[in-house]
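Everything on this sheet refers to the single structure shown next.
The values are calculated or read from the model by the stated rules, or taken from the named source; none is laboratory data. Given the structure is predicted, the values throughout are model-derived calculations rather than measurements. FYI the Cβ positions are ideal-geometry reconstructions off the backbone, even for glycines, and counts take in every protein chain you see. In case anyone asks, the SASA skips ligands and DNA or RNA and just uses the protein heavy atoms, side chains included. Shrake-Rupley method; radii C 1.70, N 1.55, O 1.52, S 1.80 Å.
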Amino acid sequence: MPHKIKRFRKRWLFAGAAVAIFFLAFLIWFGGLPLWRSKAFLAQLEPVAHRSFEITQDMSGDYVIHQKEDSDFRILQLTDIHLGGSFITQRKDRKAMQAVYSLAAAVQPDLIVITGDLAYPIPIQTLSRNNLNPMLMLCELMNAIDIPWCFVFGNHDTEWIATHPGKEINYLFENSQTCLFASDYSVESGRSNQLIQLRNADGSLNQALVLLDSNSYASLQLNDYDAIHEDQVAWYEKRITGLSEQEGHTVRSLLFFHIPLQEFQTAYDLYRAGSPDITYFYGSIGEKNEKIACSSHPSTLFDTAVRLGSTQAIFVGHDHLNTLSVSYRGIRLTYGLSIDYLAYPGISRQTAQRGGTCITVHADGSIEIDPILLRDITQK
C-alpha cells in the first residue's frame, strides 16, 4: 500500500509540474495578457494641448505637414520606451507611459518622433515574447495624447523570437489614429523607412524628416547589431536629390534612426582627444566602459550625408545611458534621452538619462536641440 501511495504522489507531482510548465509556456508564447489593465490608466489622460496642422499625403506617399504661418515647429524625440506588456512588467510599463505623457505635456510639441525600441519582447525579463501587445499599448497611449507622431523600429521591436518579427506588424501603425506611418516598401531593407515633409506657409519645404530602419541584427551572434544598408542609403540620396531638384536648392533634412553609426564612435574618440574638428554641445557617454554600441558593419550613410550637404542633424537611441550631442563634419550627432525602466538592470532608479529631446525648427530652417530631463519637469 505505501508503494502505491508513493507512485500516486509521484504521478501527482509530475502532473502538477507538467501543468506549471504548460502554463509558463502559455504566458511566454502569448504574453501581454494584462493589456486591459492599462485601460484605466489611459482613460484618465487628457489630450495634450498642441497646435493643429493640415496633414496630407502627396503622390509619392509622403505625409506632408503644412504650417499655417511661419513660426517655430517643435519636435519631441523619444527613444527606447521598452514596454514589456506582460504580467510582471505592469508597474514599469505604467511608469514608462507616464513619462511619455509627462514629457509631451511639458513640451507640447507639434510632432513626436520615437527612435526605436518601443517594445521589449525578451522572455528572460518579461515572461513574454509578444511584441504586438506593448505596441498596442503605445498606440493607445499616443492616441490619448492626441499629437501626431511617427517612429522607426529598433532592434528589440522585431526580435527574431518575437511573435511578430516581420513587416506584418506595420498594419497596426498604418491604421493607428494619430501615427503618421507610410513605409516605402520599394526599399527592400528595413520595415519603417519613410520621409515626412514639413512645409512653410508659402508651400516651400522647410525640412525633410527622414526616418530609416537601422534593422536589428546582422547575425545570431550576441549583440551583432546591423546597420543602414546600401539600398536604404541609395533611397535616401534619391529622395534628397529629388526634393532638391524640385525646390531649386539643396533642401534641409533631419535623420532619425535607432542604432548609432560608426561615426558616433569616431566623433567621441576625437572629442576625448581634444580635436578641433568636434564641437561639443551637451551630454556624455554614460554606458559602462564608455561604450557606443554601433554596428561593426560599416555604412556609407554618413559619408553620403556629408556629400549631399542636406542633413543638419542625426538623432539616434539604442544606448540608454548615452546623452552626448556633438557636431562632426558639419552634422550634429545627438543621442536622444531614453525612457527605459525595464531593459537595463537597475535603470528604473536612475534619472540622469531619462527624458526626451526637443528639436526646434525655425522658419528659416535652422534648428535648436535641447535635452529635457524628466526629473526636471516632474519636480516643478
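Name the single residue, out of those in segment 97-112 being touching a residue at least 40 places away in the same chain (Cβ under 8 Å) and open to solvent by less than 10 Å² (accessible area, probe 1.4 Å), that is nearest to GLN177 (Cα to Cα).
LEU111
Given the conditions (1) out of contact with any Phe, Trp or Tyr (no Cβ under 8 Å at 6 or more places or on another chain); (2) surrounded by fewer than 20 Cβ atoms within 10 Å (Cβ to Cβ); (3) touching a residue at least 24 places away in the same chain (Cβ under 8 Å); (4) assigned to a loop (DSSP other than H, G, I, E, B), which single one is not true for TYR341?
Here TYR341 meets the rest and fails (2).
Select from segment 190-203 the residues that are within 27 Å of GLU159 (Cβ to Cβ) and either open to solvent by 20 Å² or more (accessible area, probe 1.4 Å) or part of a strand (DSSP E or B) (or both) and list them in ascending order.
Going through segment 190-203, the residues within 27 Å of GLU159 (Cβ to Cβ) turn out to be 190-196.
Answer for segment 190-203, where residues must be within 27 Å of GLU159 (Cβ to Cβ) and either open to solvent by 20 Å² or more (accessible area, probe 1.4 Å) or part of a strand (DSSP E or B) (or both): ARG191, GLN194, LEU195, ILE196.
Please go through segment 145-171 and pick out each residue that is modelled with pLDDT of 95 or more and among the small types (Gly, Ala, Ser).
GLY154
Please work out if GLU159 is of a type in the set (D, E, K, R) and in a helix (DSSP H, G or I).
no
Every residue in segment 283-313 that is outside any loop (DSSP other than H, G, I, E, B) and on the phi > 0 side of the Ramachandran plot, please.
Of all residues in segment 283-313, those outside any loop (DSSP other than H, G, I, E, B) come to 285, 288-290, 301-308, 311-313.
ASN289, GLU290, listed by residue number.
In segment 247-276, which residue that is in contact with a strand residue (DSSP E or B) (Cβ under 8 Å, 6 or more places away or on another chain) and open to solvent by 70 Å² or more (accessible area, probe 1.4 Å) is nearest to ARG307 (Cα to Cα)? Explain how you work it out, then say what you get.
Here is the first cut: in segment 247-276, the ones in contact with a strand residue (DSSP E or B) (Cβ under 8 Å, 6 or more places away or on another chain) are 247, 251-261, 263-264, 266-268, 270-271.
Right, trim to open to solvent by 70 Å² or more (accessible area, probe 1.4 Å) and you get 252, 271.
Numbers: ARG252: 13, TYR271: 22 Å.
Restricting to residues being in contact with a strand residue (DSSP E or B) (Cβ under 8 Å, 6 or more places away or on another chain) and open to solvent by 70 Å² or more (accessible area, probe 1.4 Å), the top hit is ARG252.
I need the full set of residues from segment 348-362 which are open to solvent by less than 40 Å² (accessible area, probe 1.4 Å) and of a type in the set (Gly, Ala, Ser), in order please.
SER348, GLY355, GLY356
When the residues of segment 113-133 are filtered to those that are more than 21 Å from TYR171 (Cβ to Cβ) and part of a helix (DSSP H, G or I), which remaining residue is most open to solvent (accessible area, probe 1.4 Å)?
Here the answer is ILE124.
Is it the case that ILE169 is open to solvent by less than 10 Å² (accessible area, probe 1.4 Å), over 29 Å from GLY309 (Cβ atoms) and within 18 Å of the chain's Cα centre (by Cα)? Show your work before the answer.
Details: open to solvent by less than 10 Å² (accessible area, probe 1.4 Å): yes; over 29 Å from GLY309 (Cβ atoms): yes; within 18 Å of the chain's Cα centre (by Cα): yes.
It is true that ILE169 is open to solvent by less than 10 Å² (accessible area, probe 1.4 Å), over 29 Å from GLY309 (Cβ atoms) and within 18 Å of the chain's Cα centre (by Cα).
For segment 250-282, how many residues are of a type outside the set (A, V, I, L, M), without any contact (Cβ under 8 Å) to a residue 12 or more places away in the chain and not in a helix (DSSP H, G or I)?
Here the count works out to 3.
How many residues are open to solvent by less than 10 Å² (accessible area, probe 1.4 Å) and touching a Phe, Trp or Tyr at 6+ places or on another chain (Cβ under 8 Å) if we restrict to segment 208-234?
Qualifying residue count, segment 208-234: 7.
Among the residues of segment 65-96, count how many are surrounded by fewer than 22 Cβ atoms within 10 Å (Cβ to Cβ) and within 14 Å of TRP149 (Cβ to Cβ). Before the answer, list the steps.
If we filter segment 65-96 for residues that are surrounded by fewer than 22 Cβ atoms within 10 Å (Cβ to Cβ), which is where we start, we get 65-72, 74, 87-88, 90-92, 94-95.
Adding the requirement that they be within 14 Å of TRP149 (Cβ to Cβ) leaves 65, 74.
Selection size over segment 65-96: 2.
Look at segment 201-253 and say how many of its residues are within 27 Å of ARG74 (Cα to Cα) and acidic (Asp, Glu).
5
Given the structure, is ARG349 at pLDDT below 95 and within 24 Å of ILE114 (Cβ to Cβ)?
yes
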